[in-house]
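Participant: Before I ask anything, let me first share the structure, which is written out below as C-alpha coordinates.
The values are calculated or read from the model by the stated rules, or taken from the named source; none is laboratory data. Computed from a predicted model, the values in this text were never measured in an experiment. Heads up, the Cβs are rebuilt from the backbone with ideal geometry, glycines too, and the neighbour counts pull from every protein chain shown. Areas reflect the complete protein model, heavy atoms only, side chains present, ligands, DNA and RNA absent. Shrake-Rupley method; radii C 1.70, N 1.55, O 1.52, S 1.80 Å.
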Amino acid sequence: LMLGATGWMATSRLVRTDVRTLKHAPWVQAARVMGMSEPRIWRVHIVPVAIGQASVAASLAAAQALMLD
(Lines give C-alpha, C1' and ligand atoms only; values in the text may rest on other atoms or scores of the structure.)
Protein backbone atom coordinates (compact mmCIF):
# COMPACT_ATOMS: atom_id res chain seq x y z
CA LEU A 1 0.00 0.00 0.00
CA MET A 2 2.86 2.34 0.80
CA LEU A 3 4.51 1.68 -2.55
CA GLY A 4 1.29 2.62 -4.30
CA ALA A 5 0.94 5.79 -2.25
CA THR A 6 4.43 6.99 -3.13
CA GLY A 7 4.91 5.48 -6.58
CA TRP A 8 2.28 7.52 -8.42
CA MET A 9 4.50 10.60 -8.63
CA ALA A 10 6.77 9.22 -11.35
CA THR A 11 3.78 8.22 -13.46
CA SER A 12 2.16 11.62 -13.01
CA ARG A 13 5.34 13.40 -14.09
CA LEU A 14 5.50 11.21 -17.18
CA VAL A 15 1.85 11.90 -18.05
CA ARG A 16 2.30 15.63 -17.46
CA THR A 17 5.29 15.71 -19.80
CA ASP A 18 3.39 13.75 -22.45
CA VAL A 19 0.38 16.08 -22.25
CA ARG A 20 2.56 19.16 -22.51
CA THR A 21 4.20 17.67 -25.59
CA LEU A 22 0.89 16.63 -27.13
CA LYS A 23 -0.56 20.13 -26.69
CA HIS A 24 1.96 21.36 -29.25
CA ALA A 25 1.73 18.39 -31.63
CA PRO A 26 1.09 19.23 -35.29
CA TRP A 27 -2.31 17.52 -35.42
CA VAL A 28 -3.48 19.45 -32.35
CA GLN A 29 -2.33 22.71 -33.89
CA ALA A 30 -4.18 21.76 -37.10
CA ALA A 31 -7.34 21.09 -35.10
CA ARG A 32 -7.05 24.53 -33.49
CA VAL A 33 -6.64 26.16 -36.90
CA MET A 34 -9.71 24.31 -38.16
CA GLY A 35 -11.71 25.84 -35.30
CA MET A 36 -12.19 22.92 -32.91
CA SER A 37 -12.99 23.92 -29.35
CA GLU A 38 -10.47 23.24 -26.59
CA PRO A 39 -12.64 20.64 -24.80
CA ARG A 40 -13.11 18.74 -28.04
CA ILE A 41 -9.38 18.85 -28.78
CA TRP A 42 -8.70 17.42 -25.33
CA ARG A 43 -11.37 14.74 -25.71
CA VAL A 44 -10.46 13.67 -29.24
CA HIS A 45 -6.73 14.27 -29.61
CA ILE A 46 -4.95 14.56 -26.27
CA VAL A 47 -6.71 12.31 -23.73
CA PRO A 48 -6.76 9.08 -25.79
CA VAL A 49 -3.02 9.25 -26.43
CA ALA A 50 -2.24 10.25 -22.85
CA ILE A 51 -4.40 7.43 -21.43
CA GLY A 52 -2.53 4.88 -23.52
CA GLN A 53 0.85 6.12 -22.35
CA ALA A 54 -0.35 6.43 -18.74
CA SER A 55 -1.67 2.87 -18.69
CA VAL A 56 1.68 1.54 -19.90
CA ALA A 57 3.53 3.55 -17.26
CA ALA A 58 1.09 2.46 -14.54
CA SER A 59 1.38 -1.21 -15.47
CA LEU A 60 5.18 -1.01 -15.39
CA ALA A 61 5.02 0.71 -12.00
CA ALA A 62 2.65 -1.97 -10.70
CA ALA A 63 4.98 -4.72 -11.89
CA GLN A 64 7.90 -2.99 -10.22
CA ALA A 65 5.94 -2.68 -6.97
CA LEU A 66 5.16 -6.40 -7.09
CA MET A 67 8.82 -7.21 -7.58
CA LEU A 68 9.80 -5.05 -4.59
CA ASP A 69 7.22 -6.63 -2.33
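Participant: Grab the beta carbon distance between His24 and Leu66, set R0 = 35 Å, and tell me the FRET efficiency rounded to 0.05.
Facilitator: Approximately 0.45, to the nearest 0.05.
Participant: Take the solvent-accessible surface of the protein heavy atoms, probe 1.4 Å, and return the percent of it on the chain that carbon and sulfur atoms account for.
Facilitator: Values: 3620 of 5210 Å².
Reported share for carbon and sulfur atoms: 69 percent.
Participant: Using a 7 Å offset from the Cα along the Cα-to-Cβ direction at both Arg16 and Arg40, what is the distance between the two label points in nm, to one decimal?
Facilitator: Each label point is offset 7 Å from its Cα along the Cβ direction, giving 3.1 nm.
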